[in-house]
Amino acid sequence: MAERLLEVDGVSKEYRLGQLNGYTLHDDITSWFARLRGKEDPNSKIGTDYRQQNGTMLALDDVSLNVDRGDALAVIGLNGAGKSTLLKLISRITAPTKGEIRIRGRVASLLEIGTGFHQDLTGRDNIYLNGAILGMRRSEIDAKLDEIIAFSEIEKFIDTPVKRYSSGMYVKLAFAVAAHLAPDILICDEVLAVGDLAFQQKCLSKMRDVASEGRAVLYVSHNMRTVSELCNRGVYLERGRLTYDGTTERAIELYGGSGIRDLDRDLDSMPRPKLRGETMRMLRMTIRDATGIEYPMDGAMSFTLTSVAHVPDPALRVRIMVYSSMAAPIAMTQTEPFPVEAEETFSVDLRMPLDGIAPGEYAVKMSLASLTPTGKSCLYDTIVDVGHFVVTDDPARNDGFHWQERLWGNFRLQPLQIEGIRR
């Protein structure tokens, strides 16, 4: 039986909204005194009313999981699901509101650029500082020093204060330190995305080595390709709750299909990126197909989109992007331009052919778009996750073959044409 390194038992984390959080004691005191008198906070941004920010937010809600030696665990979920909060609790950066976290062994965390580094110390000094924090002797750090410096690829700058490092140099040194100082649990958040592609592959290879050596890796990323390559287990978080703990493949499927499945979808209440949906807004999407979820190969999706325009546009378009279960974009399509008037509610009946899309599960991103005078896209409204659909496999259309998504991708080209055979 594998040795258990981490136990997260019924953990919840609640944050109070509108609390003091200044950079200095003076800022906190002046903010507190202003609120006590009912005055505007002198340290707040213009237009912020902290009197309307009372209340709490439950970032994590009764989460329980275990991690054993050799596990490479993917923590998957949409933005705001609680992934980074969970990693901060495990790293003991903050404490849980409820529940208990039990750790056996050393934990090395790579959560944000520069975390754990002293800006005025050199790269070499910070290696020793991080090793000391992990409880290592100087002789242990000395034995690994050359290997860490070589892995980081910044030998020329190792004796330069890290405050002069670029973000990429920070990440390279931080990962090299975290991975080589023999942690029992290595925690890595999205920060690897800052590094170049070659270094990312190098880091993934090192994390695989860490797991194969009998230690554990906790990995958070929105890049499902790297998650699939690295992790042998996945958990899926949704709005602070752990809804799935099992195979990496199923966790990725849940992430890719995290939108709702209803035939009549309330788009008005769905979250948007900042500043989207103000001048034009999508209100409702009604699927006109029998199932609305599963489609045969080379089928088509039919739906009606209802929206409201607060400004006129003579050439509005509906744009759809399709993402694979690995969260990679695979296709884009859009309508011909059509005019809308100000303060007009309109409905558009749409048919989206699925020709060439391979069997698998797909997520849909939808926008109301137009062109600027310079030829760039102007996105009035965007919903990142409208919903998802499945293209079912049909070996009869592939000459008896079952489609292998991992090997062949997400797009089926037309059959190869034999123009002649010479013997």
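The values are calculated or read from the model by the stated rules, or taken from the named source; none is laboratory data. Given the structure is predicted, the values throughout are model-derived calculations rather than measurements. Cβ: placed from backbone, ideal geometry, glycine included. Neighbour counts: every protein chain shown.
Observations
- Annotation: Pro339 fulfils all but one of (1) out of contact with any strand residue (DSSP E or B) (no Cβ under 6 Å at 6 or more places or on another chain); (2) surrounded by fewer than 17 Cβ atoms within 10 Å (Cβ to Cβ); the unmet one is (1).
- In the stretch 110-130, of all residues being outside any loop (DSSP other than H, G, I, E, B) and modelled with pLDDT under 80, the one that is nearest to Val63 (Cα to Cα) corresponds to Leu110.
- Which numbered condition Gly22 misses (of (1) exposed (fewer than 14 other Cβ atoms within 10 Å of the Cβ); (2) closer than 30 Å to Arg239 by Cβ; (3) of a type outside the set (Asp, Glu); (4) modelled with pLDDT under 70): (1)
- Among residues that are free of Cβ contacts under 8 Å to residues at least 60 places away in the same chain and either more than 23 Å from Leu73 (Cβ to Cβ) or not assigned by TED's automatic domain parsing to the domain that holds Ala178 (or both), Ile127 is included.
- Of all the residues in the stretch 272-324, those that are within 26 Å of Leu254 (Cβ to Cβ) and touching a helix residue (DSSP H, G or I) at 6+ places or on another chain (Cβ under 8 Å) number 3.
- Those residues of the stretch 73-109 which are among the hydrophobic types (A, V, I, L, M, F, W, C), assigned to a loop (DSSP other than H, G, I, E, B) and in contact (Cβ under 8 Å) with a residue 60 or more places away in the chain, in sequence order: Leu78, Ala81
- From the options Gly240, Gly246, residue that is exposed (fewer than 14 other Cβ atoms within 10 Å of the Cβ) and within 30 Å of Glu7 (Cα to Cα): Gly246
- Qualifying positions in the stretch 166-196 - modelled with pLDDT of 85 or more and either more than 20 Å from the chain's Cα centre (by Cα) or small (Gly, Ala, Ser) (or both): Asp184, Ile185
- Every condition in (1) aliphatic (A, V, I, L, M); (2) modelled with pLDDT under 90; (3) touching a Leu at 6+ places or on another chain (Cβ under 9 Å); (4) surrounded by fewer than 19 Cβ atoms within 10 Å (Cβ to Cβ) holds for Ile103 except the one numbered (2).
- Within the stretch 150-181, considering residues that are farther than 17 Å from Ala198 by Cβ and among the charged types (D, E, K, R), the one surrounded by the fewest Cβ atoms within 10 Å (Cβ to Cβ): Lys156
- Test: Val364 is among the hydrophobic types (A, V, I, L, M, F, W, C) and within 24 Å of Asn79 (Cα to Cα): yes
- Test: residue in the stretch 366-385 that is touching a strand residue (DSSP E or B) at 6+ places or on another chain (Cβ under 6 Å), farther than 27 Å from Phe303 by Cα and not in a strand (DSSP E or B): yes
- Test: residue in the stretch 373-380 that is closer than 20 Å to Ile287 by Cα and either in contact (Cβ under 8 Å) with a residue 60 or more places away in the chain or not acidic (Asp, Glu) (or both): no
- Some residue of the stretch 25-34 being hydroxyl-bearing (Ser, Thr, Tyr), surrounded by 13 or more Cβ atoms within 10 Å (Cβ to Cβ) and at pLDDT below 70: no
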